[in-house]
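The values are calculated or read from the model by the stated rules, or taken from the named source; none is laboratory data. Here the structure is a predicted model, which means the values were calculated and not measured. Using ideal geometry, Cβ is built from the backbone for each residue, glycine included, and neighbour counts are taken over all protein chains shown.
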Amino acid sequence: ATPPPLPSVSTAAGARPAMTELEADPALKPPAGTIPVARLYLDPYVNGEVRARDLAEYMEIAWPKPSPAFVNNRLYGAHIDSDANTGTDGHINLWNYQEVASDEMSLLQSATLCRGSTADAMEAIEVGFQKLQSKYGDTNVHLFTFFRTAGGATGDRVGGYNMDVQGFIQAAGAPFSPGAGMNTSTFSTIDGTQYECQIETQLFQGNWWVLACGSWIGYYPTQNSTVDAGSRIAFDLIGTSACEIDWYGEIFDPTPTTWTNADMGSGRFASEAFGRAAYIREPFLLHAGADSTWFASSVPATGNGYDPDCYSLSEIFANGGDGWGRWFYVGGPGGNNVGCN
């Protein structure tokens, strides 16, 4: 499949493009003509540390899913735009999230979706950066992709992470794959250098393409794709467009009697702003055959999963100049703040 043209490079005062581990250490790059593929971390399953009847059940139990919907055991800082679209583009400020326990998850991401009439009907393409030790077997921050055709259901061409199930097709010549095959080696520091990665999802010629850090890395083929029929995904709601774009931070705590100390973003509240709080910059909605539009939401989504004493969210700021056309801050220290419980 042919990818879309690369988007224009948007630079911003005070920010630098993130560097992947493959860029930082050329010795890790695969031979010419090949592409790196992430290997699944299955040690707990193989060693019997997680009770599961089979591999599918292990993946369901051990790997928390990202979720655009407000659900139990999760806290968010989310901006939502419910306009029709064919994708989104924006820049995620990269931090090495701290105090994330082995069974917890911290992430910043975008979601391109239609919710459907029930939670089980949701369809989505999700892209971002997460720390999830139970999945990757390490404490690194990983680029991830996730797709849905039936809410949280997983399986080949049904839903799942990265290339763990059939669905995501890696682009020929892609410099890296999502998952364990792509770690970032440059992270922002408090009052120091700020690093970011451009993320885009775009419906192009029947495929939902995913761009990360300057490269088209692969795509999810819809029923309208020209790839072989056996590889196409039965997207009923997002086959020709999407209904909503979310940009947000999320924390998963499986036992939130007392809320986790896991950082969202930098671990600082949104009010601390540039250089201290994590940001998402230049969020756009894409429209086939038309100009892109600014992300329109100006009021934080404050559903059941938003607790500003744990993790907070700013309004969307505008017209900052020098590449700061639109942006917002998100994050917090979770249970390390006295008011978070």
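For region 262-287, the tally of residues that are within 14 Å of the chain's Cα centre (by Cα) and on the phi > 0 side of the Ramachandran plot stands at 1. Listed here are the strands (runs of 3 or more DSSP E) enclosed by region 1-119 that have at least 2 residues being at pLDDT below 95, farther than 22 Å from G179 by Cβ and out of contact with any His (no Cβ under 8 Å at 6 or more places or on another chain): 74-81.
Taking the criterion of being of a type in the set (S, T, N, Q), surrounded by fewer than 17 Cβ atoms within 10 Å (Cβ to Cβ) and over 21 Å from I217 (Cα atoms), the residues of region 120-179 that qualify are Q133, T139. Looking at region 217-251 only, could you name the residues that are under 19 Å from the mean Cα position of the chain (by Cα), crowded, with 24+ Cβ neighbours inside 10 Å and of a type in the set (A, V, I, L, M, F, W, C)? Of everything in region 217-251, those that are under 19 Å from the mean Cα position of the chain (by Cα), crowded, with 24+ Cβ neighbours inside 10 Å and of a type in the set (A, V, I, L, M, F, W, C) turn out to be I217, I238, A242, I245, W247, I251. Quick check on region 298-314. Is at least one of its residues touching a residue at least 40 places away in the same chain (Cβ under 8 Å), outside any loop (DSSP other than H, G, I, E, B) and surrounded by 19 or more Cβ atoms within 10 Å (Cβ to Cβ)? Scanning region 298-314, I find at least one residue that is touching a residue at least 40 places away in the same chain (Cβ under 8 Å), outside any loop (DSSP other than H, G, I, E, B) and surrounded by 19 or more Cβ atoms within 10 Å (Cβ to Cβ), so the answer is yes. Please tell me if S185 is surrounded by fewer than 22 Cβ atoms within 10 Å (Cβ to Cβ) and modelled with pLDDT of 95 or more. Taking the combined requirement at face value, the residue does not satisfy it. In the condition set (1) more than 22 Å from L132 (Cα to Cα); (2) of a type in the set (S, T, Y); (3) not in a strand (DSSP E or B), T189 is compliant with all but (1).
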